[in-house]
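To keep things clear, I will list the structure first and then write my remarks on it.
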Amino acid sequence: QMEQAEAKASESVAADPTDIPEPIDRFEPKTHEVELVCEEVTAEIESGVTFNYMTFGGEVPGPMIRVREGDTIDLTIRNPDRNNKPHNVDFHACYGTGGGAEATTIAPGEVERLRFKAMYPGSFIYHCAVATMDFHISSGMFGMILVEPREGLPEVDHEFYLGQHEVYTDKDKGKEGHHGFDFEAMKAEEPTYVLLNGEEYAYTADNKGPLKVETGDTARVFLVTGGPNVTSNFHPIGNVWSKSWAEGAIESEPEINVQTKPVAPGSCFIGEMEFPVPETVKLVDHALSRVVHKGMMAEIKAEGE
Amino acid sequence: QMEQAEAKASESVAADPTDIPEPIDRFEPKTHEVELVCEEVTAEIESGVTFNYMTFGGEVPGPMIRVREGDTIDLTIRNPDRNNKPHNVDFHACYGTGGGAEATTIAPGEVERLRFKAMYPGSFIYHCAVATMDFHISSGMFGMILVEPREGLPEVDHEFYLGQHEVYTDKDKGKEGHHGFDFEAMKAEEPTYVLLNGEEYAYTADNKGPLKVETGDTARVFLVTGGPNVTSNFHPIGNVWSKSWAEGAIESEPEINVQTKPVAPGSCFIGEMEFPVPETVKLVDHALSRVVHKGMMAEIKAEGE
Amino acid sequence: QMEQAEAKASESVAADPTDIPEPIDRFEPKTHEVELVCEEVTAEIESGVTFNYMTFGGEVPGPMIRVREGDTIDLTIRNPDRNNKPHNVDFHACYGTGGGAEATTIAPGEVERLRFKAMYPGSFIYHCAVATMDFHISSGMFGMILVEPREGLPEVDHEFYLGQHEVYTDKDKGKEGHHGFDFEAMKAEEPTYVLLNGEEYAYTADNKGPLKVETGDTARVFLVTGGPNVTSNFHPIGNVWSKSWAEGAIESEPEINVQTKPVAPGSCFIGEMEFPVPETVKLVDHALSRVVHKGMMAEIKAEGE
Ligand SMILES: [Cu+2]
Ligand SMILES: [Cu+2]
Ligand SMILES: [Cu+2]
Ligand SMILES: [Cu+2]
Ligand SMILES: [Cu+2]
Ligand SMILES: [Cu+2]
Ligand code: NA
Ligand code: NA
Ligand code: NA
Ligand code: NA
Ligand code: NA
Ligand code: NA
Ligand SMILES: [Zn+2]
Ligand SMILES: [Zn+2]
Ligand SMILES: [Zn+2]
Ligand SMILES: [Zn+2]
Ligand SMILES: [Zn+2]
Ligand SMILES: [Zn+2]
Ligand SMILES: [Zn+2]
Ligand SMILES: [Zn+2]
Ligand SMILES: [Zn+2]
């Protein structure tokens, strides 16, 4: 098992933004068997720089869970023996102490279960919430659960799932080698990295490539902001959020043609876009020093004429 | 009178979140005689750590004032002779230069009056606004005035009143003894403490005990964010804001099922909650390092089955 | 031409908030010839302190552009030979790579053109977006384009146009002489100055004088927040935003009687005010240390009885 952990040392934690569950196409409630595996992995935060991540499922953000209002989640959370730390999970979609965190705290080698009903729609963060939760989230332990309203969501051509969070390391950004965690910087809310999907510019032409749509398409972007401390100012350069739901609060009235939306740490955002012209859209936190100097950006390329 | 000030040195400034005026049950305008007494008191910010607070009424947040749209406030502000500094009060509910601050600036030993009509509904901060207002607010001088709409507010089972603000001290958090004020840290917006009701974890099981409701109840939470500089990201762990009004703007459309809401310094928030299951809800600023390392949290315990 | 640049050394960059285009009074689309001239100018950021600004048109914020949904903007951008740096412009009102930035990057001595149709209404920032865009924006390169909805905006008595941004200098605020730019402070998001219209307290009684209305008037305030990093918490001291549109998203439902509104870097705000009593309103970022210690404020004086 140590071999597996070592094998991960050179991998990327960046979750594929298109690897998400299908839209709900049901009018009956359902019970979902969901498994979250806590994975402590060392990976590159940018080329030549490694960091000890903690994750759900080895990815940042953790797997997107997709249910319908009234569905039941039958969760299994595993903390494999190869890990070093206790973990748990707090769902903002769950009524109950700690959003489930109290019931799910487990040491390495343990398994726990949590069963809850999704009683209100919206897109919600889930995250590790042990006593040092800010450290665990900054290390990568957050994801999103989408609770679709009973009537579902309007059809779009593409959906993308992204997670912003910030990392506090003990070296200057870009300094080659292994970066440890800087707890004083976290207390001061002065991050070294601000990232989409846990890695510098992961989904851009210079790295794993941009996300792709065709001219004339529509897309829906789900953002979860892990934080632990920093608010995103989420903007699509060269485009606009035609319709958007602050806080992922899908039952609220949408805001129309929004340029830049604050997304709090521990919150979500849903935005719909159109692509009337061929272009490369850059998704950014419009606190632009985070884009220029801290690694924050993803791209959507609209191809065709 | 000095004896009274000294007697307060070991007291807590944390206002009781349930000690608030009754909902309005009237359809006629009224004039309210309101008295605010500026109190400079030394008290514990956490166990073993004292701080020189400035307050309205010896409490943080200051007394909640509750009126109906169209009512008149006939305010008396007193700055007792035992104080050392000038004070005044700026009501965000008041049209007029400084929201009344210009008319109410008084030296120790002075009394002033201000009469104004509450012309628009909502929950609004009031705060000291002398030239060094950021220092006075960080020391505790802020509270909330609720201007109910003419038709009143829907009935709920419980109402709670909380105030978030941040304190800049010249020692590390938790360092035993007396902490002075750090003006450079305030300019840098790097607080030592981020608090609900002026004291570390004041309304939690480890301190004065949690707030209490019964399973099946509804509750309304009023938050005033004093700042002076820091935005709250207000989240009920293990619950959700079923209905909420950003900025305390009660005439705006409510947002539905909001997980985390930014509340700016110098602003308010109104959130309604349900308690379908027994649990302990933790009210936090979801910039979680403020919870883990700076003293920010309150609890609501829903008892029963 | 160097003479012209030197002649500007003692000028102010603070744009006149009343010097804005007339409301749209048309029901047919139109093409606008718009010219933006990039100007690198040295000017006073406060009395006795100079700073090397980069601007559009020599002013902060840059000229307000006003069009109707469906209109075409035929833009010419000039980078005069006397400048030292490349520049471009990103319009948040424009579909296309970089919001036009890719197509408009020009070296000193060059001219470029961009033609685009304003396809969605709202008030939107435009800003320089070269690779070091945070530096260029902090130096002053941002402004606003208002795209009125087809039906226009309700009539008000006065309109004002303001821009907030923050500047990172290598000396303490107020230290006499010339201040250079501090790139480390920008990365740390720790500004020296937070300003309305690029200069300390530019539109207040102590400087160029307050803005003026009469008692009983209505006014509309347009704010563009350049950042590059800092969120405004926009509050009218002694007044309230009777109606307001977060993000400048004019097609969204307005919020009613808002005290303080977060305005993200790279975003806008539209607020309407009433002046039922004579007073001086102070427009501030309610992160009050920015008002007390960093130069942020403008005044509106309502005269008459
Ligand atoms: Cu964890
Ligand atoms: Cu949480
Ligand atoms: Cu005061
Ligand atoms: Cu105020
Ligand atoms: Cu530029
Ligand atoms: Cu931009
Ligand atoms: Na900081
Ligand atoms: Na559109
Ligand atoms: Na700071
Ligand atoms: Na509900
Ligand atoms: Na900082
Ligand atoms: Na009004
Ligand atoms: Zn963990
Ligand atoms: Zn497609
Ligand atoms: Zn843009
Ligand atoms: Zn005072
Ligand atoms: Zn009860
Ligand atoms: Zn939670
Ligand atoms: Zn430029
Ligand atoms: Zn007038
Ligand atoms: Zn005020």
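Straight-line reach only, C-alpha to C-alpha below 19 angstrom: list the lysines that B:K85 could link to, leaving out same-chain residues fewer than 8 apart.
B:K8
Which of the listed residues, B:V213, B:N233, B:A249, is farthest toward the dipole's positive end in the stretch B:184-305, when Lys, Arg count +1 and Asp, Glu count -1 at the beta-carbon?
Of B:V213, B:N233, B:A249, it is B:N233.
Please tell me which of these pairs span more than 31 angstrom C-alpha to C-alpha: A:K261/B:K175; B:K208/C:K187; B:K261/C:K294; A:K208/B:K261? List each step's numbers first, then the result.
On the way: A:K261/B:K175 39 Å; B:K208/C:K187 41 Å; B:K261/C:K294 27 Å; A:K208/B:K261 34 Å.
Where the Cα-Cα span goes over 31 Å, the pairs concerned are A:K261/B:K175; B:K208/C:K187; A:K208/B:K261.
Based on the alpha carbon coordinates of the stretch C:1-138, what radius of gyration and maximum Cα-Cα distance (Dmax) apply, in Å?
Rg then Dmax for the stretch C:1-138, in Å: 15.6, 49.
Per residue of the stretch C:236-249, in order, report the coupling 6.51 cos²θ - 1.76 cosθ + 1.60 (Karplus, θ = phi - 60°) as ³J(HN,Hα) in whole Hz, putting x for Gly and Pro.
Karplus values, whole Hz, x for Gly and Pro: x, 4, x, 7, 8, 7, 4, 9, 8, 10, 4, 6, x, 7.
Per residue of C:119-128, what is the mean number of Cβ atoms on other protein chains within 10 angstrom of that residue's Cβ?
3
Extending each Cα 7 Å along its Cβ direction at B:N52 and C:R26, get the distance between those two points in nm, one decimal.
6.3
What FRET efficiency do you get for C:R82 and B:T215 if R0 is 51 Å and r is their Cβ-Cβ distance, rounded to the nearest 0.05?
The formula returns an efficiency of 0.10 here.
At a Förster distance of 56 Å, what's the computed FRET efficiency of B:V111 paired with A:A205, Cβ-Cβ distance as r, to 0.05?
So the FRET efficiency works out to roughly 0.25.
Compute the semi-axes of the equivalent ellipsoid of chain C, taking the square root of 5 times each eigenvalue of the Cα gyration tensor, and list them largest first in whole Å.
Equivalent ellipsoid of chain C: 28, 26, 17 Å, largest first.
Could you work out the mean count of beta carbons from other protein chains within 10 Å of each residue's beta carbon in A:222-233?
Values: counts 0, 0, 0, 3, 1, 6, 7, 7, 2, 8, 1, 10.
Neighbouring Cβ atoms belonging to other protein chains average 4 per residue here.
Classify the protein assembly as shown from the C-alpha gyration tensor, please: rounded if a/c falls under 1.5, else prolate or oblate depending on whether a/b exceeds b/c.
Taking the square roots of the gyration eigenvalues as a ≥ b ≥ c, the protein assembly as shown is rounded.
Under unit Cβ charges (Lys, Arg +1; Asp, Glu -1), what dipole magnitude, rounded to 20 debye, does the protein assembly as shown have relative to its Cα centre?
400
If packing is taken as the mean number of other Cβ atoms within 10 Å per residue, what is the order of B:128-134, C:204-210, highest first? Write down the numbers at each step before the final one.
On the way: B:128-134: 21.6, C:204-210: 15.6.
The densest-packed peptide leads the list: B:128-134, C:204-210.
Mark the label point 7 Å from the Cα of C:R150 along Cα→Cβ and return the residues of the stretch C:244-263 whose backbone N is within less than 17 Å of it.
Only C:250-252 pass the distance filter.
Can you give the mean number of other chain Cβ atoms that lie within 10 Å of the Cβ atoms in peptide A:83-93?
2
Along Cα→Cβ at 7 Å, what distances in nm separate the A:D25 label point from those on the other copies, shortest first?
5.6, 5.6
Per DSSP H run of at least 4 residues, take -39500 (n - 2.57); add these up for the protein assembly as shown, divide by its residues and hand me the 222 nm value, nearest 500 deg cm²/dmol.
-1500 deg cm²/dmol
Quick one: give the max-minus-min coordinate of the C-alpha atoms of the stretch B:158-303 along each principal axis, largest first, in Å.
Ordered largest first, the stretch B:158-303 gives principal extents of 45, 34, 20 Å.
When Lys and Arg each count +1 and Asp and Glu each count -1, what net charge do the other residues less than 15 Å away from A:E46, Cβ to Cβ, add up to?
Result for the local shell: -2.
Quick one: dipole size for chain B, taken about the Cα centre, charges +1 on Lys/Arg Cβ and -1 on Asp/Glu Cβ, in debye to the nearest 20.
Numbers: 25 positive and 53 negative charges, 103 e Å.
Around 500 debye, computed over chain B.
Read-outs: derived from the displayed coordinates by stated rules, not from any lab. Quick caveat, the model's predicted, so the values are computed rather than measured. Here the Cβ is made from the backbone with ideal geometry for all residues, glycine too, and neighbour counts use every protein chain on show.
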